[in-house]
Amino acid sequence: MKIYTRRGDDGTTALRAGGRVRKDSPQIEALGSLDEAQAALGAARAELVGTELDEVLIGLERDLWVLMAEVSTDPAHPRRLEPGVTAATKEMVDRLEPLIDTYTAQLGEIAVFTVPGEDRASAALDVARTLVRRAERRISAAGLSVDSHVPSYVNRLSDLCWTLARVTEKQHRLTKPDGGAT
């Protein structure tokens, strides 16, 4: 299989289930933003290999494949969407809320704005959060079905990324030889 096809040389790209659109279309902008967010989650996961968060992040990355499949599907063919496989579901959104609650409970009260960069893993999670927020903005312009769960999923995902970054910072501070003193 060749990686290059030359079909996109004219500035268009194929949609899942048929059709072609310009590479700068709102739908492809949303797809690209989700792709960036997934890559950023992978960078964060690379810093957390072997931890509990490694497993959480791989699940989120796999969920983003489902969201990308939905976003990349030709809107003229909604019957080609399969819930949980090529279309986001309410259950996927609902799985994020207990994760947010569980990790938020580990934080205690946060009374100040956080400055990203306490450690590599939390910084990577903050980058992922900002890319998820960009994806959220792009998805709003992509013209998905009003029944789509993609917007809700990315909204919760950005909250989860923020929470995981703070938890990772806290764990980093607790393991520093100086007890986290700066």
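Net length available on complete extension from Thr102 to Thr175 is 24.2 nm, with 0.36 nm assigned per residue and the Cα-Cα distance removed. Applied to region 67-75, the Karplus parametrisation 6.51 cos²θ - 1.76 cosθ + 1.60 on θ = phi - 60° returns per-residue 3J(HN,Hα) values of 4, 5, 4, 5, 5, 8, 7, 4, x Hz, with x for Gly and Pro.
The Cβ shell under 13 Å around Glu36 holds other residues with a net charge of +1, Lys and Arg each +1, Asp and Glu each -1.
Amide H to amide H, with H built 1.01 Å from N, Arg16 comes under 5 Å of Thr73, Asp74, counting only residues 5 or more places away or on other chains. When chymotrypsin sites (Phe, Trp or Tyr not before Pro) are flagged only if DSSP places them in a loop and at most 11 other Cβ atoms lie within 10 Å, the longest unflagged stretch of the chain comes out as 5-112.
Hydrodynamic analysis of the chain uses the Kirkwood radius over alpha carbon pairs. Inserted into Stokes-Einstein at 25 °C and 0.890 mPa s, it gives a translational diffusion coefficient of 140 µm²/s. Straight-distance candidates among the aspartates and glutamates for linking to Lys23, with alpha-carbon spacing under 15 Å and chain neighbours fewer than 8 residues away dropped: Asp9, Asp10, Asp35, Asp74.
Give a quick list of GluC sites (Glu not before Pro) in region 58-155 that DSSP marks as loop, anything other than H, G, I, E or B, with at most 14 other Cβ atoms within 10 Å. For GluC sites (Glu not before Pro) across region 58-155 that sit outside H, G, I, E and B with at most 14 neighbouring Cβ atoms in 10 Å, the list reads Glu109.
Of all segments of the chain bounded by trypsin sites (Lys or Arg not before Pro) found in a DSSP loop with no more than 10 other C-beta atoms within 10 Å, the longest spans 7-182. Estimated from helices alone, the mean residue ellipticity of the chain at 222 nm is -20000 deg cm²/dmol (sum of -39500 (n - 2.57) over DSSP H runs with n ≥ 4, per residue).
Bear in mind that the values in this text are calculations on the coordinates, not laboratory data. Worth saying up front: this structure is predicted, and the values here are computed from it rather than measured. Cβ coordinates were reconstructed from backbone atoms using ideal geometry, including for glycine residues, and neighbour counts include every protein chain displayed.
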